[in-house]
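The block underneath contains the structure these notes are about, expressed in structure tokens.
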Amino acid sequence: MNILMGDLMPKIAGFNKLTLLDYPGKLACVLFTKGCNFGCRYCQNSSLVLDVEVPLIDHNEIFAYLEKRKNILQGVVISGGEPTIQKGLLDFIIKIKEIGYKVKLDTNGSNPKLLQELIELKLVDYVAMDIKNVFEKYNQTANAKVNIDNVKKSIDILKKGKVDYEFRTTIIKEYHTLEDIRKLIDFTQGSKYYLQNFEDRDTVIKSGLTSFTVEDLNLLYSYKESYDHFEIRGYTEKGGRKNV
Ligand code: SF4
């Protein structure tokens with residue numbers, strides 16, 4: 001087993017000990033890493049992304065919990081922030097896998113090299129990757145200077161299908177037109193693709209951004225006549241809110 005040392009350990013700043021929603025088909029827990037190389041103003045985890053002091057969670061506490069729950073929980077979701085900027089992530093996941101868990105990685109796709117390595121070493125079982133917007137609007141949407149080539153490489157790696165995966169986009173009126181979304185639906189053909197309507201909450205970096213209306217969502221659902229690979233998370237096909 002690899003030994004995790006000092007600052008080579010991923011910084012975990014959030015721990016949801018039980019979720020039925022974050023890992024498809026699995027009872028799981030979620031670990032939230034601190035820090036992100038993007039700065040999406042609509043980010044729901046502002047305390048993880050902004051440069052604010054948040055207490056880090058002791059890895060001993062995490063692994064004690066994972067050991068104790070190994071016959072009940074099936075998966076561990078590693079989310080953030082952006083997990084792939086964390087030093088020691090690979091060794092950290094090895095330790096989780098050694099206990100017997102399935103691992104889901106949430107990523108913005110900015111680190112294709114590590115993504116490839118994790119897939120080749122069979123250290124991840126499911127990857128959910130954000131596609132922030134059409135590429136020409138990426139920097140604006142992510143509020144960062146994004147290396148688009150890296151994002152494209154990550155998309156290509158996942159499309160090879162060596163690991164179960166999904167693409168997802170949080171849609172916000174200020175950043176996405178309906179035509180942008182239609183292009184994204186078209187671009188993601190052949191993959192599972194989820195649209196997530198933005199929800200303004202206390203935890204977002206910049207409040208006051210706008211969700212899509214039920215009428216907009218109904219229009220998006222009408223694209224299912226041509227595309228059957230996408231869903232709008234949390235909404236029924238008639239635009240009603242699902243209780244999930
Ligand atoms: S990439 Fe994800 S974690 Fe990072 S700022 Fe954007 S929404 Fe937040």
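Figures for the structure shown
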quantity: Order of TYR165, TYR65 - criterion: other Cβ atoms within 10 Å of each residue's Cβ, fewest first; calculated: TYR65, TYR165
quantity: The stretch 183-237: C-alpha gyration tensor shape, a/c 1.5 cut-off, then a/b vs b/c; calculated: prolate
quantity: Order of SER47, SER154, SER79 - criterion: other Cβ atoms within 10 Å of each residue's Cβ, fewest first; calculated: SER47, SER79, SER154
quantity: ³J(HN,Hα), Karplus 6.51/-1.76/1.60, whole Hz, each residue of the stretch 38-53, x for Gly, Pro; calculated: 10, x, 3, 5, 8, 4, 7, 10, 4, 5, 7, 9, 6, 7, 10, 6
quantity: DSSP bridge orientation in the stretch 1-93 - percent antiparallel, rounded to nearest 5; calculated: 50 percent
quantity: Exposure proxy ranking, count of Cβ atoms within 10 Å, fewest first, for HIS229, HIS176, HIS59; calculated: HIS229, HIS59, HIS176
quantity: Simple spin-label estimate for ASP228 and LYS152 in nanometres, 7 Å along Cα-Cβ; calculated: 3.1 nm
quantity: Relative compactness, the chain, computed as alpha-carbon Rg over 2.2 N^0.38 Å; calculated: 1.00
quantity: Calculated P(r) tail over 17 Å for the stretch 147-244, as whole % of Cα pairs; calculated: 55 percent
quantity: Global geometry of the stretch 18-146, whether rounded, prolate or oblate, following the gyration tensor of its Cα atoms and the 1.5 cut on a/c; calculated: prolate
quantity: Gyration tensor (alpha-carbon) shape descriptor, the stretch 108-158, a/c threshold 1.5; calculated: prolate
quantity: Between the stretch 164-181 and the stretch 79-118, the Cα center-to-center distance that results, in Å; calculated: 24 Å
quantity: Sequence-separation-based contact order of the chain, relative, with Cα cut under 8 Å and 6+ spacing, percent; calculated: 17 percent
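Values quoted throughout were computed directly from the atomic coordinates according to the rules given, and no laboratory measurement underlies them. All values derive from a computational prediction rather than experimental measurement. Using ideal geometry, Cβ is built from the backbone for each residue, glycine included, and neighbour counts are taken over all protein chains shown.
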